[in-house]
Amino acid sequence: MNVVVCVKQIPDPAAPGALDPSTHTLVRSGKLILDDSDSYGVEMALQLAGNVEGSEVTIVSMAPNGETSGLRTALAMGAARAILVSDDALAGSDALSTAKVLAAAARRAAPDLVIAATESTDGYTGTMPVQMAELLGMPSVTFAKRVSTDGTTLKVERQTESGYDDVECPLPAVVTVTAGVVEPRYPSFKGIMAAKSKPIDVLSIGDLGLDAGQVGRAGARQEVVDVSEAEARGSGEIVVDEGDGAQRIVAFLEQLKVV
Amino acid sequence: MDRIWVLAETAESGPTPVTLELLTAARAHASTVEAVAWGPDTASIAGTVGEYGATKVYDVGDLAGALPGAPVAAAIAALVASGDAPDAIFVPASYDGRDIAGRLSAKLDRPVLTNITGFAQGDGQLTTEHPVFGGTLVVTARFTGDGPGIFVVRAKSFTAERSGGGPAEVVAVAPGDVGATGAAKIVERHVEAASGPKLDEAAVVVSGGRGLGAPEHYALVEELARLLHGAPGASRAIVDAGWVPYSHQVGQTGKTVKPTVYVACGISGATQHLVGMKGSKHIVAINKDQEAPIFSVSDLGIVGDVHKVLPALIEQLKSRG
Ligand SMILES: Cc1cc2nc3c(=O)[nH]c(=O)nc-3n(C[C@H](O)[C@H](O)[C@H](O)COP(=O)(O)OP(=O)(O)OC[C@H]3O[C@@H](n4cnc5c(N)ncnc54)[C@H](O)[C@@H]3O)c2cc1C
């Protein structure tokens, strides 16, 4: 079984985010790391591939600047190889352009299963994997909280508003996983060393037969017209509990006529 | 604008609240509002969606257990291809809504704007507002290419208001052939038993986070919620840890709540949590860390231990009877 995992390399979310004042896109300078949301997909792929003889896990990613540090993390966890689409023309790509690029890259690995996170930590559009499924002509099951394969059938517990649904679908297919589905492994020292010699194919959009007008800012066909400060919600009274904390909450609720 | 389509989702009790919110929002920006729905009995919602302004419901029909993403997007794409295109399509930011928006975007080769919490009009064009960085900044955006634009809107962004319209006309549309893309099927549904008001409709929400320390302490949150006739909620940290089901999650990837009072117990106030509850009328937070970001949005903040404050609070409310 060929499993492809789509991952995003993002600025460290612990560092405060910023928007570029001229382009209004997220500032992506500095070191990028593997999006934590994607570590669940990588772990899921490794577990599913481990159950089926002769399986291989390929990481697929896109970045404007040839960044690979996040990919090395996924390889150190145990993925066999990575495909990175890196091209200056990709800067400012929206979700649909990203889906076009990743679909073209994923095709190279002839996937039986494509795994992605439900949404990225920094952009959280949350539509890219389904756009990709449509471009690949595959069914998709989003918001998976449990995933297994049985021969050529994918079995998923999919979150719903009020519980979950058991969903089945033939492979090849796209599945998106939520955080918490599996416990991502930490790369071992051996894994980290092995990752250094694992192959990363770096492709340009031309290699994938895509045109610069389809991707990046040109392909996004949307623009930010303004960025403004949100109306701040002032903070009220902050008090240290001296044994009277509960009392104060009751008084507050009384004043609002909630009790 | 002339015409906006709203993707209408249905629950057992009729159209979902976000559907009615989107119909209301659409009315403010277009002279004609129409709905697209699916399910075994779409005719039953014609009255309600009509009351909120839709004059027509395109009915994709019963999907026989198929996930709606592919067949509903195919039906809409076929209508658009036949020359019957609206100026904009409003989609709720729900599980199925996002699937349909994604499929439709790829089929029509049109981009999507997501996480929308507001609309405005300028030069006859619709602009959207969406919060970033935990709602500290608001980004205004618009499409620059050909329409129809696909707009994915967060629940609770608008207040649903009736227009007093009559029942919508129901027009059957075929999903068309979706081939392999429509092959995902629901084989069984599991609905969690719930008592008390719904999380996204309750006047009081009491949420717990990792600061509760252990899963059994979530009972304090449930008890307080019960005493205040509210609903219990949760941060993602304790949902991911398996303490409570996902349906309790408040935040960017969970539910958006706007109760009269939101009580956050042992929740740090990460940006992804704040976007789901910042619209609450009043916010009370209990956290032992004075620097916790949740205090920056609280009307009343108690710097203290949930294991002391919550039992005392429950005791006092009980003794009031
Ligand atoms: C893409 C993405 C989407 C996300 N979506 C969501 C979402 O929808 N909803 C959501 O909630 N999160 C979401 N998150 C996660 C979010 O970033 C935080 O990790 C999460 O909200 C933290 O939960 P918490 O506040 O319970 O835990 P923590 O951040 O660990 O905070 C625990 C708090 O409890 C306090 N505490 C500890 N002990 C006590 C005590 N005895 N008494 C009182 N206080 C105590 C601590 O001071 C601390 O502030 C998302 C993250 C990503 C990347």
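Things worth noting here:
- B:Ala193 meets each of the listed conditions (1) assigned to a helix (DSSP H, G or I); (2) within 12 Å of another protein chain (Cβ to nearest Cβ) apart from (1).
- Test for B:Arg210: is it basic (Lys, Arg), more than 13 Å from the ligand (Cβ to nearest atom) and out of contact with any His (no Cβ under 9 Å at 6 or more places or on another chain): no
- Candidate set: the range B:94-133, residues that are in a loop (DSSP other than H, G, I, E, B) and within 17 Å of the chain's Cα centre (by Cα); chosen: the one farthest from B:Pro15 (Cα to Cα): B:Thr117
- Scanning the range B:143-166 for residues that are more than 15 Å from B:Thr117 (Cβ to Cβ) and within 11 Å of another protein chain (Cβ to nearest Cβ) yields B:Phe143, B:Thr144, B:Gly145, B:Asp146, B:Gly147, B:Gly149, B:Ile150.
- Candidates B:Pro311, B:Pro293 - the one that is more than 7 Å from chain A (Cβ to nearest Cβ) and over 19 Å from A:Phe252 (Cβ atoms): B:Pro293
- The set of residues from the range B:198-217 being at pLDDT below 90 and surrounded by fewer than 18 Cβ atoms within 10 Å (Cβ to Cβ) comprises B:Lys198, B:Glu201.
- Residue in the range A:229-237 that is open to solvent by 50 Å² or more (accessible area, probe 1.4 Å), touching a residue at least 24 places away in the same chain (Cβ under 8 Å) and at the interface with chain B (Cβ under 9 Å from one of its Cβ atoms) present: no
- Cβ pairs under 8 Å, 6+ apart, first in the range A:87-112 and at positive phi, second outside any helix (DSSP H, G or I): A:Gly92/A:Thr23; A:Gly92/A:Thr25; A:Ala110/A:Asn2
- Scan the range A:102-137 for residues that are assigned to a loop (DSSP other than H, G, I, E, B) and away from the ligand (no atom under 16 Å from the Cβ) and the total you get is 6.
- Residue in the range B:252-268 that is modelled with the lowest pLDDT, counting only those that are within 11 Å of chain A (Cβ to nearest Cβ) and closer than 26 Å to B:Thr159 by Cβ: B:Thr253
- Boolean, A:Ala179 is at the interface with chain B (Cβ under 10 Å from one of its Cβ atoms), under 30 Å from B:Gly301 (Cα atoms), open to solvent by 30 Å² or more (accessible area, probe 1.4 Å) and of a type in the set (A, V, I, L, M, F, W, C): no
- Unmet requirement for B:Ile286, which otherwise passes all of (1) open to solvent by less than 20 Å² (accessible area, probe 1.4 Å); (2) of a type in the set (A, V, I, L, M, F, W, C); (3) modelled with pLDDT under 95: (3)
- A:Asp94 vs. criteria acidic (Asp, Glu), open to solvent by 10 Å² or more (accessible area, probe 1.4 Å) and over 20 Å from A:Met128 (Cα atoms): no
- Pick from the range B:227-238, criterion among the aliphatic types (A, V, I, L, M) and more than 8 Å from the ligand (Cβ to nearest atom), ranking: farthest from the other protein chains (Cβ to nearest Cβ): B:Ala231
- With respect to the conditions (1) at pLDDT 95 or above; (2) part of a helix (DSSP H, G or I); (3) surrounded by fewer than 22 Cβ atoms within 10 Å (Cβ to Cβ), B:Ala43 falls short on a single one, namely (1).
- Any hit, the range B:234-242, residues being touching a strand residue (DSSP E or B) at 6+ places or on another chain (Cβ under 9 Å) and on the phi > 0 side of the Ramachandran plot: no
- Each residue in the range B:167-188 was checked for being in a strand (DSSP E or B), at the interface with chain A (Cβ under 8 Å from one of its Cβ atoms) and surrounded by 14 or more Cβ atoms within 10 Å (Cβ to Cβ), and 2 of them qualify.
- Residue list for the range B:99-117, filter: open to solvent by 30 Å² or more (accessible area, probe 1.4 Å) and over 20 Å from A:Glu223 (Cα atoms): B:Lys107
The values are calculated or read from the model by the stated rules, or taken from the named source; none is laboratory data. Since this is a predicted model, take the numbers as computed values, not measurements. As a convention, Cβ positions derive from the backbone with ideal geometry for all residues, glycine included, and neighbour counts pool all protein chains shown. Calculation scope for accessible area: heavy atoms of the full protein, side chains included, ligands and nucleic acids excluded. Shrake-Rupley method; radii C 1.70, N 1.55, O 1.52, S 1.80 Å.
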